[in-house]
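*Asks:* Can you read through this structure? Questions will come right after.
Throughout, read-outs are computed from the coordinates displayed, never taken from laboratory work. These numbers come from a predicted model, not from an experiment. Glycine also receives a Cβ, built like all others from the backbone with ideal geometry; neighbour counts cover every protein chain displayed.
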Amino acid sequence: MNKAPDVFNALDAMHPNAWTELTFTTPYELLVATILSAQCTDARVNQVTPALFKKYPNARKLADADQATLEGMIQSTGFFRAKTKSLLGMATAVVDDHGGEIPSDMDALVALPGVGRKTANVVRGHAFRLPGFPVDRHVLRVATRIGFLRGQATEDAVAAEKALTKLLPPERWTVASDTLILHGRRICKPKPLCDRCAIRPHCAYYRLHGPGRVSR
């Protein structure tokens, strides 16, 4: 029996209106923000992007950016040299291969420098409203603890995405990912706050490690 709908209904109630916490108005802005969010909080990215988007409002402007200037603007997000390289490469490819417009196709997105499946799914799901299931460390941790992921899928994002997309219809994928991410940030942290969690009846981790259980 597929318990996923019940679990995600409970997560929806815990985290109503779940959506990406990155601030954006266009696919370009979301793509840039998502690249910057690697190993960085969304809150920090949202502090950086207003000035960044004002100076570089589209891929054409970003492709022409001075490397040192761009590095200085995004330094506080961490790994700024690598991120600058990704942003400049992404923007150049978007201009050269897509006329300056961010593509919505998965293969076209992941072909861009600095863009993997997780980033592509974030953009597809939130900016283009296309089915996508972004998998980050929070999704891996929470979905594994619930019992949705086993074997290789507990560590490999692509395998996890394949497993998770089988549990729900495509129209639920994006919000399902967002609820798992928020649950991982707020409740199911590395040291989980199980006493605050509404999905304990469905959770394999809680059955093993909850009160009165013996940790294994």
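*Asks:* My understanding is that a pair violates if its Cα-Cα distance is over 28 Å; which of Lys3/Lys189; Lys55/Lys118; Lys85/Lys189; Lys166/Lys189; Lys61/Lys162; Lys3/Lys118 do that in this structure? The partial results should precede the final answer.
*Replies:* Details: Lys3/Lys189 22 Å; Lys55/Lys118 26 Å; Lys85/Lys189 32 Å; Lys166/Lys189 25 Å; Lys61/Lys162 36 Å; Lys3/Lys118 25 Å.
From Lys3/Lys189; Lys55/Lys118; Lys85/Lys189; Lys166/Lys189; Lys61/Lys162; Lys3/Lys118, over 28 Å: Lys85/Lys189; Lys61/Lys162.
*Asks:* Using Cα pairs closer than 8 Å and at least 6 residues apart in sequence, work out the relative contact order for the chain, in percent. Intermediate results must be reported in sequence, preceding the final value.
*Replies:* Working: 278 pairs, mean separation 44.6, N = 216.
Once normalised by length, the contact order is 21 percent.
*Asks:* Next question. Quick one: if you stick a label point 7 Å off each Cα along the C-beta vector at Glu101 and Thr26, how many nm between them?
*Replies:* So the two model labels end up 1.2 nm from each other.
*Asks:* For the range 118-175 and the range 91-108, what is the separation of their Cα centres, given in Å?
*Replies:* Their Cα centres are 24 Å away from one another.
*Asks:* With charges set only on the Cβ (+1 for Lys and Arg, -1 for Asp and Glu), what does the dipole of the range 27-126 come to about its Cα centre, in debye to the nearest 20? Working shown, then result.
*Replies:* Details: 11 positive and 10 negative charges, 69 e Å.
Roughly 340 debye for the range 27-126.
*Asks:* Can you tell me the orientation of helix 137-146 relative to the chain, as the angle in degrees between its alpha-carbon axis and the longest Cα principal axis, to the nearest 10?
*Replies:* 20
*Asks:* Sticking with this structure for a sec: Taking the Cα centre as origin and putting +1 on Lys and Arg beta-carbons and -1 on Asp and Glu beta-carbons, what dipole magnitude results for the chain, to the nearest 20 debye? The partial results should precede the final answer.
*Replies:* Numbers: 29 positive and 20 negative charges, 229 e Å.
Dipole of the chain, to the nearest 20 debye: 1100 debye.
*Asks:* Right, something else. Report the extension gain between Lys3 and Ala204 in nm, rounded to one decimal, defined as 0.36 nm multiplied by the number of residues separating them, less their alpha carbon distance.
*Replies:* Working: separation 201, 0.36 × 201 = 72.36 nm, distance 1.20 nm.
Once the chain is fully extended between Lys3 and Ala204, it gains 71.2 nm.
*Asks:* When a footprinting reagent is the concern and you count Cβ atoms within 10 Å, what order do Leu11, Leu112, Leu193 take, fewest first?
*Replies:* On the way: Leu11 26, Leu112 23, Leu193 10.
Fewest to most other Cβ atoms nearby, the residues stand as Leu193, Leu112, Leu11.
*Asks:* Can you tell me the 0 to 90 degree angle between the C-alpha axis of helix 42-55 and the longest principal axis of the chain, rounded to 10?
*Replies:* Orientation of helix 42-55: about 20 degrees from the principal axis.
*Asks:* Rounded, prolate or oblate: pick one for the chain, where a ≥ b ≥ c are the square roots of the eigenvalues of its C-alpha gyration tensor, a/c under 1.5 means rounded, and failing that, prolate if a/b is larger than b/c, else oblate.
*Replies:* Values: a/c = 2.42, a/b = 1.93, b/c = 1.25.
Prolate shape, in that a/c is at least 1.5 and a/b is the bigger ratio.
*Asks:* If I fit a long axis through the Cα atoms of helix 80-98 and take the longest principal axis of the Cα atoms of the chain, what angle between them do I get, 0 to 90°, rounded to 10?
*Replies:* With both axes taken from Cα atoms, the answer is about 70 degrees.
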